[in-house]
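In what follows, a structure is listed as structure tokens, so that the remarks can point back to it.
The values are calculated or read from the model by the stated rules, or taken from the named source; none is laboratory data. Since we're looking at a predicted model, the values are computed, not measured. Here the Cβ positions follow ideal geometry from the backbone for every residue, glycine too, while neighbour counts run over all protein chains shown.
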Amino acid sequence: MDLITILLIVPGIFLLLKGANLFVDSASSLALRFKIKPIVIGLTVVAFGTSFPELSVNLLSAFDGNTDIALGNIVGSNIANILLILGMSALFTKLTVEKNTTWKEIPLSFLGALFLFLFVFQNFLDARDFNQILNLSSNNFFGSITFTHGVVLLLVFIIFLYYTFELSKGKSDDTTEIKSMKLSKSIGLTTLGLVMIIFGGKFTVDSAVTMATIFGVSQGLIALTIVAVGTSLPELVTSVVASRKGQGDIAVGNVVGSNIFNIFFILGTTATIKSIPVNFNNLLDIIFLLIVTILTFVSIFVFEKNKLGRKEGVAMLGLYFIYTVYLIYRG
């Protein structure tokens, strides 16, 4: 039975990805039918759809009480988005980074990681048993990301949504491609996509918990690696395809937007449903996320201004490999 549960992670991730794809196409067609601008659809429906796998996994893990997976999934996905996805995309072409992305969206992504650090570090300072906490191999929890923290994250997300809508007003050369469907087909596929995402998320969470139990590793490790990369596949496909077509700005915007969405909306929503326990390893992972976000911002100016090239891509992939090895060693 345990083996069957573990094997369900493959169809689980498949259902997440296929369901997200169906949802994006059908919901976008539905929105277009009601005369919503394509750029607004891209900034909301499409962004929401590509982050749906993370949302599904987090909500289900929160309801099941496996909140270690919820935090690990978000932090791991954001790290994978920057190092793995941007790294792979940069191998195909130089990624152009737009001014708004450099000076507004990347800093906002950094702000999200900074908020997480402050929430967790405050718990660290408030904890009483410092000897237990400072044991780096310890998975003992010393605090949590609470309902109040979740509300703060969601409020910032509302501000971000306002920013994106204001940004959309200034764009007149939108090239978003949206498939046209009959109304009944749009509604049917949107519903089917949501059902696939829910079941895919359930299979993935159950498999991750079972794998952690059988192999004697933490749920956080499974969440930071297999689950995080699996739920980031929509962003990976979107960014790599965009970079191969020479649309590097889309690739970068997709990754940065996803990171903002993951922390402020998905983690914020999860925390309002159930507090998320944190341990010292979580603090280390969040610090690493802060570092790689800063390095991304700095690298835009180091080699070639407003671009990420092959050198940066190789460096990102190398750093992600080292981080993964560290996670496996940490267990």
Flagged in the stretch 289-299 as in contact (Cβ under 8 Å) with a residue 60 or more places away in the chain, under 24 Å from residue 125 (Cα atoms) and surrounded by fewer than 18 Cβ atoms within 10 Å (Cβ to Cβ), in numbering order, are 290
Based on what the data block shows, is residue 270 within 26 Å of residue 146 (Cα to Cα), out of contact with any Phe, Trp or Tyr (no Cβ under 6 Å at 6 or more places or on another chain) and either of a type outside the set (Phe, Trp, Tyr) or modelled with pLDDT under 90 (or both)? yes
Those residues that are modelled with pLDDT of 75 or more and either exposed (fewer than 12 other Cβ atoms within 10 Å of the Cβ) or of a type in the set (Asp, Glu) (or both), I need them from the stretch 167-191; list them, please. 182, 183, 184
Regarding the stretch 10-32, can at least one residue be identified that is modelled with pLDDT under 75, assigned to a loop (DSSP other than H, G, I, E, B) and surrounded by fewer than 23 Cβ atoms within 10 Å (Cβ to Cβ)? no
With the structure loaded, tell me whether residue 251 is buried (at least 18 other Cβ atoms within 10 Å of the Cβ), modelled with pLDDT under 75 and out of contact with any Lys or Arg (no Cβ under 8 Å at 6 or more places or on another chain) or whether it fails that test. yes
Is it true that some residue in the stretch 323-330 is closer than 19 Å to residue 95 by Cα, of a type in the set (Phe, Trp, Tyr) and in contact (Cβ under 8 Å) with a residue 60 or more places away in the chain? no
Out of all the residues in the stretch 254-273, which are surrounded by fewer than 21 Cβ atoms within 10 Å (Cβ to Cβ) and touching a helix residue (DSSP H, G or I) at 6+ places or on another chain (Cβ under 6 Å)? 272, 273
Could you list, in sequence order, the residues of the stretch 81-119 that are of a type in the set (A, V, I, L, M, F, W, C), assigned to a helix (DSSP H, G or I) and farther than 30 Å from residue 144 by Cα? 86, 88, 90, 91, 92, 103
Inspect the stretch 208-219 for any residue being of a type in the set (A, V, I, L, M) and under 16 Å from the mean Cα position of the chain (by Cα) and give the result as yes or no. no
Considering only residues that are among the small types (Gly, Ala, Ser) and part of a helix (DSSP H, G or I), look in the stretch 194-227 and name the one that is farthest from residue 59 (Cα to Cα). 212
Taking the options 111, 71, name whichever one is surrounded by fewer than 18 Cβ atoms within 10 Å (Cβ to Cβ) and either at negative phi or modelled with pLDDT under 85 (or both). 111
